[in-house]
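Undergrad: What follows is a single structure, and I will ask about it in a moment.
Values quoted throughout were computed directly from the atomic coordinates according to the rules given, and no laboratory measurement underlies them. Just so you know, these numbers come straight off a predicted model, no measurement behind them. Virtual Cβ from ideal backbone geometry, glycine too; neighbours counted across all protein chains shown.
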Amino acid sequence: MIPIIRPWLGPAEAQAAHDAILSGWIAQGPKVREFEAAFCAATGAAHAVAVSSATTGLHLALHGLGVGPGDEVVCPSLSFIATANSVKYCGAVPVFADVDPVTQNVTAATVAAVLTSRCKAVLVVHQAGMPCDLDALRAAIPAHVPIVEDAACAIGSTYKGQPIGAFSPLVVFSFHPRKLVTCGEGGMVTVQDTAIADRLRRLRQHAMTVSDVQRHASATFLLEQYDELGWNHRMTDIQAAVGIVQLAKLAEMTARRRDLAERYTVALQGRGLVLPHDPPWGTTNYQSYCVRVPGATAGQRNAILQRMLDAGVMGKRGILCTHQEPAYAHHAHVALPHSEAWAAESLVLPLFHQMTDAEHERVVDVLLAALRQG
Ligand SMILES: *Cc1c(COP(=O)(O)O)cnc(C)c1O
């Protein structure tokens, strides 16, 4: 069976986890700090706050901006469910913007179409690693409304020559194994403003005023205080140690994914499929190679995936529409034609660092055979 993804982990990551375990610091500690510093260096961000997942990072980011009950947050429906869930965790209402038919991302026009005076933040998603046109979005949104980037999939993607991570006030990344850099579970929030970064560091740790690292380094007894409601959204030092090793491999990971994607594009061109490609304003890391079968129903797409599975190739449906999931039944009435077409017609092909040429060719053959059958 050719899997959809296989994380690129080796002895160096195992050694890093081993060393962290034997160091005596296994919860959030010096390795988390070191990972945060490495992440700032990799993205150009002023601050980086490690968290337990992108989902908890999105929650902290929105809460940290003051998003609360009665507020609206504009975001795409066409995204992983965690995007809209993070808005709901704050008691706010997700207002769904449609996406561009080419990039699968929200645009200046689709966001402007649903903006109201209740909008407290705009949560944009670099879907499958495809960068949004951030300058155009910024220009279309009132200056007092911050943009938060859900960059869960976008480590290694670029916008106008710069890595994703330093453009908006808050940018959130994931280290789930389905993304490029992984440490099992984990997330990172990059932050431009020092006061917001400090607040997020407290909020991830029960809003405690004294961190474990500070207490450990202090010669005097420190009494902590809890000034507001916080959470335990911490990353462990074991995860951070693995993440540091992974992050150092990012350039190689990205180059390899782009090479494999280019080969898919060459092999699949002229077959009536819509294939992903870089937008004019940036480069994608191809976190997913998502192809679209124009005119297919969701049932026909699912049948293609079943035929691929029968032939030993694990594909996946493309990005889901949040408003079509039962948990969002009260949003089911919204009309998002481009999002709905993408959700029905798209599928994701296997793409992983150590994929062999034979595996790559087999995916192409199996996909083309599955398409011919229906
Ligand atoms: C994977 C993903 C998330 C959630 O990431 P976790 O680290 O698993 O919480 C959020 N948003 C998008 C767009 C994703 O692809």
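Undergrad: On the basis of being free of Cβ contacts under 8 Å to residues at least 12 places away in the same chain, surrounded by fewer than 17 Cβ atoms within 10 Å (Cβ to Cβ) and aliphatic (A, V, I, L, M), does Ala166 make the cut?
TA: no
Undergrad: Something else now. Please work out which residue is farthest from Met253 (Cα to Cα), limiting yourself to the range 1-20 and to residues that are touching a helix residue (DSSP H, G or I) at 6+ places or on another chain (Cβ under 6 Å) and in a helix (DSSP H, G or I).
TA: Filtering the range 1-20 for residues that are touching a helix residue (DSSP H, G or I) at 6+ places or on another chain (Cβ under 6 Å) and in a helix (DSSP H, G or I), the one farthest from Met253 (Cα to Cα) comes out as Ala20.
Undergrad: Check every one of the helices (runs of 4 or more DSSP H) wholly within the range 74-170 and list those with 1 or more residues that are more than 12 Å from the ligand (Cβ to nearest atom) and either on the phi > 0 side of the Ramachandran plot or of a type in the set (Lys, Arg) (or both).
TA: Of the helices (runs of 4 or more DSSP H) lying wholly inside the range 74-170, those with at least 1 residues that are more than 12 Å from the ligand (Cβ to nearest atom) and either on the phi > 0 side of the Ramachandran plot or of a type in the set (Lys, Arg) (or both) span 82-89, 134-140.
Undergrad: Mind counting the residues in the range 83-110 that are of a type in the set (S, T, N, Q) and over 18 Å from the mean Cα position of the chain (by Cα)?
TA: Adding up the residues that qualify gives 1.
Undergrad: List pairs: first in the range 322-348 and closer than 12 Å to Phe96 by Cα and free of Cβ contacts under 8 Å to residues at least 40 places away in the same chain, second outside any strand (DSSP E or B) and hydroxyl-bearing (Ser, Thr, Tyr), Cβ under 6 Å, 6+ apart or cross-chain?
TA: Qualifying pairs under 6 Å: none.
Undergrad: For Leu60, only one of the following conditions fails: (1) in contact with a strand residue (DSSP E or B) (Cβ under 6 Å, 6 or more places away or on another chain); (2) of a type in the set (A, V, I, L, M, F, W, C); (3) not in a loop (DSSP other than H, G, I, E, B). What is its number?
TA: (1)
Undergrad: A follow-up question, please. Among Ala311, Ala358, which is touching a helix residue (DSSP H, G or I) at 6+ places or on another chain (Cβ under 9 Å) and of a type in the set (A, V, I, L, M, F, W, C)?
TA: Ala311
Undergrad: State all residues of the range 174-198 that are within 11 Å of the ligand (Cβ to nearest atom) and closer than 22 Å to Gly66 by Cβ; if no residue qualifies, say none.
TA: Gly187, Met188
Undergrad: Still on this structure: It is to be established whether one or more residues within the range 301-315 are among the β-branched types (Val, Ile, Thr) and crowded, with 22+ Cβ neighbours inside 10 Å.
TA: So far as the range 301-315 goes, yes, one or more of its residues are among the β-branched types (Val, Ile, Thr) and crowded, with 22+ Cβ neighbours inside 10 Å.
Undergrad: Additional query: Hey, among Cys183, Cys153, which residue is out of contact with any Cys (no Cβ under 9 Å at 6 or more places or on another chain) and either under 23 Å from Asp135 (Cα atoms) or of a type in the set (Gly, Ala, Ser) (or both)?
TA: Cys153
Undergrad: Of these, Met208, Met235, which one is aliphatic (A, V, I, L, M), free of Cβ contacts under 8 Å to residues at least 60 places away in the same chain and buried (at least 17 other Cβ atoms within 10 Å of the Cβ)?
TA: Result of the check over Met208, Met235: Met208.
Undergrad: I need a count of the residues in the range 32-73 that are surrounded by fewer than 19 Cβ atoms within 10 Å (Cβ to Cβ) and within 14 Å of the ligand (Cβ to nearest atom).
TA: Total meeting the criteria: 0.
Undergrad: Still on this structure, please answer the following. Restrict the check to the range 204-221 and report whether at least one residue is part of a loop (DSSP other than H, G, I, E, B) and within 16 Å of the ligand (Cβ to nearest atom).
TA: Yes: the range 204-221 contains one or more residues that are part of a loop (DSSP other than H, G, I, E, B) and within 16 Å of the ligand (Cβ to nearest atom).
Undergrad: Could you please find all residues in the range 280-300 being away from the ligand (no atom under 16 Å from the Cβ), in contact with a helix residue (DSSP H, G or I) (Cβ under 6 Å, 6 or more places away or on another chain) and under 22 Å from Gly129 (Cβ atoms)?
TA: Arg292, Val293
Undergrad: If you don't mind, there's one more thing I want to ask. Looking at His323, His277 in this structure, which one is of a type outside the set (A, V, I, L, M, F, W, C) and not in a helix (DSSP H, G or I)?
TA: Being of a type outside the set (A, V, I, L, M, F, W, C) and not in a helix (DSSP H, G or I) holds for just one of His323, His277, which is His277.
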